[in-house]
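Reading through the structure tokens given below for one structure.
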Amino acid sequence: MTQLITETQIIDDKDLDYDVIVIGAGISGLYQLYKLRELGLRVKVLEAGTGVGGTWYWNRYPGARFDSESYSYGYSFSDELLKEWDWHEHFASQPEILKYLQYVSEKFDLEKDIQFSSRVKSTIFNDDQRIWTTTLENGDFFISRFLISAVGILSEPTLPKVDGIESFKGRSFHTSRWPHEPIDLNDKKIAVIGTGASGVQTIQEVCKVAGNLTVFQRRPNWCAPLHNGTIPKDEMEEIRSSYKNIFQRCWDTVGGFLHTMDSRGTFEVSEKEREDFWEHLYQSRGFGIWQGNFKDMLIDPEANKLMSEFVANKIRSRVSNPKTAEKLIPKDHGFGTRRVPLETHYFESYNRDNVELIDLTETPILSITADGLKTTDREFEFDIIIYATGFNAITGSFDKIDIEGMNGLKLKNQWEKDLETFLGLQVSNFPNMFMVLGPHALLGNNPRSIEYNVEWITETINYMRNNSYTRAEATAEAVQTWADYVAEQGEHLLSNKVDSWMTGINTNVEGKNKRILARYSGTAQSYRKRCDEVAQSGYKELNLS
Ligand code: NA7
């Protein structure tokens with residue numbers, strides 16, 4: 001009887017506002033919309049920004065650009081798009097990337113189903129009716145069968161936990177909240193706090209025009225040369241004719257990059273061969289030095305130590321002041337165990353007269369003041385403060401939304417206890433919610449992972465509709481098995497033994513001080529194999545009904 005009542009309460013598809021609500025209009029959300037439309041579904045994408053682009057809409061700081069080769073990062077799904085779009089740099093800058101995503105959106109007429117300036121405040125699942133009710137900050141709400149988060153893994157910026165941030169009289173910006181209008185940096189006294197990938201890109205650009213640039217560094221990162229270059233028309237034609245191979249290569253590598261680990265071990269070659277290989281990688285474009293190094297470099301501490309010393313010597317050779325050079329060499333983690341920022345004359349920035357490096361481990365920041373910043377050692381005056389202080393990564397954008405699943409359970413609370421998902425795509429207790437790049441999904445060269453995630457989710461929804469299913473919820477056993485697998489795959493990696501956003505650490509966020517496995521760190525092949533098996537078995541682990 002209960003069963004019958006529950007059945008009759010399930011809201012009919014025609015009474016829904018939409019079949020699917022997608023949160024976010026970045027690379028994930030745009031493609032998700034495109035794919036769901038192919039199924040003939042009614043989809044609404046809710047986007048907080050005023051335009052498409054996600055990460056590439058928000059991160060407008062000077063110098064923002066890809067660290068993956070442009071042609072390996074764009075969408076692969078449309079031959080027409082590949083034919084039409086020309087990349088102008090091997091590693092495109094933010095304005096070009098944003099233009100690309102706007103082009104995609106226009107070409108496929110996506111905007112008509114995207115509602116901008118619409119930040120989602122809450123979303124609640126009703127199990128009797130099998131619907132999600134998603135409410136915006138302005139109070140508008142939408143009822144849908146499915147909810148798909150496409151919120152990005154690095155989209156919730158965090159500021160340092162120091163006093164006085166509000167009191168600063170000059171202008172200040174987080175890198176990912178850079179204003180849309182041009183900012184005059186010429187001859188200004190500028191501070192950059194933070195030396196991750198965003199800080200490095202900002203510093204090497206801003207130093208060229210600033211009157212004075214003071215860099216506040218807590219911990220240095222291992223950076224390596226990007227070796228960017230323009231792509232002349234004829235080279236672009238060559239790239240275009242190789243797209244099939246390019247995407248096949250990305251499909252075949254463990255992280256979806258064009259680079260993959262060398263089959264040799266560090267100690268299987270002579271010292272000369274090793275040095276020559278590293279020199280070659282250091283002179284080569286992109287992530288090869290990180291993702292295409294000896295196969296044991298990110299696993300074997302001794303191999304990693306040797307590689308780190310190689311890069312340390314490069315830094316020493318590029319920075320004139322030996323004391324500054326030592327400060328720029330990481331001492332608390334080995335090369336490649338945190339995300340490697342790729343740089344262009346970053347280290348040479350510190351040879352300029354207008355650039356000063358402040359080591360916050362020696363003289364921590366006490367407060368931001370009306371005129372600038374105060375450390376334990378000095379007071380500084382600035383016109384502009386740039387916070388390149390990172391993100392509440394992976395779960396931050398979920399935490400920002402009040403997501404309520406079965407029996408009033410909040411996603412935030414569930415994940416605070418155990419950060420667990422099924423394939424990074426679903427969470428138990430949150431039926432009909434799918435995630436693109438959720439925790440423990442495949443990361444790497446993200447657009448490659450995004451395309452795979454989006455296609456898997458689309459197929460799943462298609463299967464449900466074809467079989468008249470209206471509810472999908474990952475079983476607790478399936479979630480546990482995936483959590484165990486993620487733990488096992490991550491065990492041997494040195495990167496999981498250091499503090500970084502990849503291990504869930506952010507000193508500016510309450511409770512994010514304990515290392516966890518925030519990402520899946522196995523291979524793309526084993527990730528996709530597992531997802532494919534789930535689909536082929538008729539989604540048993542999703543408990544469809
Ligand atoms: P990251 O890589 O998280 O870097 C943030 C930087 O800010 C890092 O150097 C931090 O030092 C520093 N930081 C954070 N909080 C503080 C405080 N309170 N005081 C001083 N310094 C601080 O973020 P990014 O935006 O650079 O890059 C994120 C990802 O985007 C990147 O990995 C790419 O995948 C693209 P710490 O190392 O914590 O000592």
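Worth pointing out:
- Test: residue in region 494-508 that is in contact (Cβ under 8 Å) with a residue 24 or more places away in the chain and over 25 Å from Gly194 (Cα atoms): no
- Evaluation of Asp371 against (1) under 23 Å from Glu510 (Cβ atoms); (2) over 17 Å from the mean Cα position of the chain (by Cα); (3) not small (Gly, Ala, Ser) (one fails), failing number: (1)
- The strands (runs of 3 or more DSSP E) found entirely in region 337-451 that carry 2 or more residues being open to solvent by less than 40 Å² (accessible area, probe 1.4 Å) and either within 16 Å of the ligand (Cβ to nearest atom) or touching a Pro at 6+ places or on another chain (Cβ under 6 Å) (or both) are 355-359, 365-368, 372-375, 384-387.
- Condition met for Asp86 (at pLDDT 95 or above, open to solvent by 20 Å² or more (accessible area, probe 1.4 Å) and in a loop (DSSP other than H, G, I, E, B)): yes
- Scanning region 211-227 for residues that are more than 14 Å from the ligand (Cβ to nearest atom) and under 16 Å from Tyr387 (Cβ atoms) yields one hit, Leu213.
- Filter pass, Tyr485 being away from the ligand (no atom under 16 Å from the Cβ), surrounded by fewer than 20 Cβ atoms within 10 Å (Cβ to Cβ), closer than 20 Å to Ile394 by Cα and of a type in the set (Phe, Trp, Tyr): yes
- Across region 51-83, the qualifying residues are those that are hydrophobic (A, V, I, L, M, F, W, C) and not in a helix (DSSP H, G or I), and the one among them that is nearest to Gly196 (Cα to Cα) is Ala64.
- Residue-level check: of (1) over 25 Å from the mean Cα position of the chain (by Cα); (2) among the polar types (S, T, N, Q); (3) within 14 Å of the ligand (Cβ to nearest atom), Ser155 misses just (1).
- When Ile97, Ile143 are checked against the criterion of being within 21 Å of Leu33 (Cα to Cα), β-branched (Val, Ile, Thr) and either touching a helix residue (DSSP H, G or I) at 6+ places or on another chain (Cβ under 6 Å) or at pLDDT below 95 (or both), Ile97 stands alone in meeting it.
- Tyr100 passes every criterion in (1) closer than 17 Å to Ala150 by Cα; (2) within 20 Å of the chain's Cα centre (by Cα); (3) not polar (S, T, N, Q) apart from (1).
- In summary, helices (runs of 4 or more DSSP H) completely within region 224-310 and bearing 3 or more residues that are open to solvent by less than 70 Å² (accessible area, probe 1.4 Å) and aromatic (Phe, Trp, Tyr) occur at 271-282.
- Contact map, region 455-480: residues that are closer than 18 Å to Tyr18 by Cα paired with residues that are assigned to a helix (DSSP H, G or I) and modelled with pLDDT under 95, Cβ distance under 9 Å, separation 6+ or inter-chain. Pairs shown: Arg465/Asp13; Thr470/Asp13.
- Among the residues of region 132-147, just one is surrounded by fewer than 17 Cβ atoms within 10 Å (Cβ to Cβ) and within 14 Å of Asp15 (Cβ to Cβ), namely Ile143.
- Only one of Lys161, Lys208 that is part of a loop (DSSP other than H, G, I, E, B), near the ligand (Cβ under 8 Å from one of its atoms) and open to solvent by 20 Å² or more (accessible area, probe 1.4 Å): Lys161
- Yes/no for Gln129 being modelled with pLDDT of 95 or more, surrounded by fewer than 21 Cβ atoms within 10 Å (Cβ to Cβ) and not in a helix (DSSP H, G or I): yes
- For region 185-208, the set of residues classified as among the hydrophobic types (A, V, I, L, M, F, W, C) and under 12 Å from Tyr346 (Cα atoms) consists of Ala197, Val200, Ile203, Val206, Cys207, listed by residue number.
- Enumeration of residues in region 452-476 that are in a helix (DSSP H, G or I) and touching a Ser or Thr at 6+ places or on another chain (Cβ under 9 Å): Asn453, Val454, Met464, Ala476
- Hits in region 216-235 - residues which are out of contact with any Phe, Trp or Tyr (no Cβ under 8 Å at 6 or more places or on another chain) and β-branched (Val, Ile, Thr): Thr230
- Output for region 509-537, where each listed residue is of a type in the set (Gly, Ala, Ser) and either open to solvent by 50 Å² or more (accessible area, probe 1.4 Å) or in contact (Cβ under 8 Å) with a residue 12 or more places away in the chain (or both): Gly511, Ala518, Ser521, Gly522, Ala524, Ser526, Ala535
- Scanning region 89-98 for residues that are assigned to a helix (DSSP H, G or I) and either open to solvent by 10 Å² or more (accessible area, probe 1.4 Å) or in contact (Cβ under 8 Å) with a residue 60 or more places away in the chain (or both) returns Gln94, Pro95, Glu96, Leu98.
- Selection of first residues in region 333-358 that are within 17 Å of Ile505 (Cβ to Cβ) and of second residues that are assigned to a loop (DSSP other than H, G, I, E, B) and of a type in the set (Gly, Ala, Ser), restricted to Cβ pairs under 6 Å at least 6 apart or on distinct chains, gives the following pairs, ordered by first then second residue: Arg338/Ser500.
- Qualifying residues in region 172-194 (those that are in a loop (DSSP other than H, G, I, E, B) and open to solvent by less than 80 Å² (accessible area, probe 1.4 Å)) - the one farthest from the ligand (Cβ to nearest atom): Lys188
- Of residues in region 490-508 being assigned to a helix (DSSP H, G or I) and open to solvent by 30 Å² or more (accessible area, probe 1.4 Å), the one farthest from Gly444 (Cα to Cα): Lys497
The values are calculated or read from the model by the stated rules, or taken from the named source; none is laboratory data. This one's a predicted model, so the numbers in the text were calculated from it and none came from an experiment. Neighbour counts run over all protein chains shown; Cβ positions are idealised from the backbone, glycine included. The area values use the complete protein model at the heavy-atom level, side chains included, leaving out ligands, DNA and RNA. Shrake-Rupley method; radii C 1.70, N 1.55, O 1.52, S 1.80 Å.
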